[in-house]
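Chemist: Mind looking over this structure? Questions follow.
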Amino acid sequence: MSPNDYQLTGEYEKFGRLNGQPINRNAALATNFRFSLIKVPNVTYFCTSITTPASNSNPLSYDYITAAPLKLPGAKSSTDMSIRFIISEDFKNYMEMVKWLRYGAPYKDFQEIKLEDELGRGDGQILLLNNSKLPMQMITFRNLIPTNLSGFTLSTGESDPPVLNATVSFVYDTFTITTL
């Protein structure tokens with residue numbers, strides 16, 4: 001019997017490297033997303049990149065005198081979420097973020113404090129798209145609050161001036177992932 005004549009039959013056909021191939025072998029592209037944050041529509045339109053939060057877990061370790069240390073799942077923690085956007089010519093989207101930051105943390109006289117009900121909730125969604133630009137999954141962030149807004153540099157010394165960009169970081173309460 002030659003090696004080419006060998007065939008698996010019965011339950012063994014389900015096992016093996018060739019039978020475990022994924023159905024979709026297309027790679028995800030970094031441009032396949034849509035971001036939505038109703039509170040700041042001009043920022044949403046000019047959004048060019050998103051850094052999703054990283055999640056990690058530190059295991060809890062219990063030492064025993066008579067046995068090996070026991071490791072259990074520990075507390076989970078996540079990093080902040082941030083988006084990068086192009087600043088529009090009239091700076092309207094940048095000023096939307098400045099207002100949102102100032103309303104949340106007034107600088108001098110507390111007159112700029114607005115209730116969250118007046119401002120609208122800061123819930124944001126990221127639609128993850130496939131290579132045909134059809135939505136596959138939606139990540140929903142609840143109660144986004146901006147914590148850091150980058151500045152920008154104006155300069156007359158460049159022959160081909162770059163487009164102005166800004167980055168804003170958010171903290172959030174929770175996020176959920178929904179398959180569409």
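Laboratory data are not the source of any read-out in this text; all were calculated from the coordinates shown. Everything numeric here is computed off the predicted structure, so don't read it as measured data. Cβ: placed from backbone, ideal geometry, glycine included. Neighbour counts: every protein chain shown.
Chemist: Residue by residue through the range 44-50, what is 3J(HN,Hα) from phi via Karplus (6.51 cos²θ - 1.76 cosθ + 1.60, θ = phi - 60°)? Round to whole Hz and write x for glycine and proline.
Modeler: Listing the rounded values in order: 4, 5, 8, 5, 10, 7, 9 Hz.
Chemist: If a/c stays under 1.5 just call it rounded; otherwise compare a/b with b/c (prolate if a/b is bigger, oblate if not). Do that for the range 127-180, with a ≥ b ≥ c from the square roots of the Cα gyration tensor eigenvalues.
Modeler: oblate
Chemist: Still on this structure, please answer the following. Got a sec? How would V168, V163 order by Cβ neighbour count within 10 Å, fewest to most?
Modeler: V163, V168
Chemist: Using θ = phi - 60° and the Karplus relation 6.51 cos²θ - 1.76 cosθ + 1.60, list the HN-Hα couplings for the range 56-62 in order, rounded to whole Hz, with x at every Gly or Pro.
Modeler: With the stated coefficients, the range 56-62 comes to 8, 9, 9, x, 8, 10, 10 Hz.
Chemist: If you don't mind, there's one more thing I want to ask. Return the distance in nm (one decimal) between the two label points of a simple spin-label model at S55 and F152, each offset 7 Å from Cα along Cα→Cβ.
Modeler: 3.5 nm
Chemist: Efficiency by 1/(1 + (r/R0)^6): what FRET value for D160 and A67, r their Cβ-Cβ distance, R0 = 45 Å, to the nearest 0.05? Numbers along the way, then the final one.
Modeler: Details: r = 67 Å, r/R0 = 1.49.
Efficiency computed from Cβ-Cβ geometry: 0.10.
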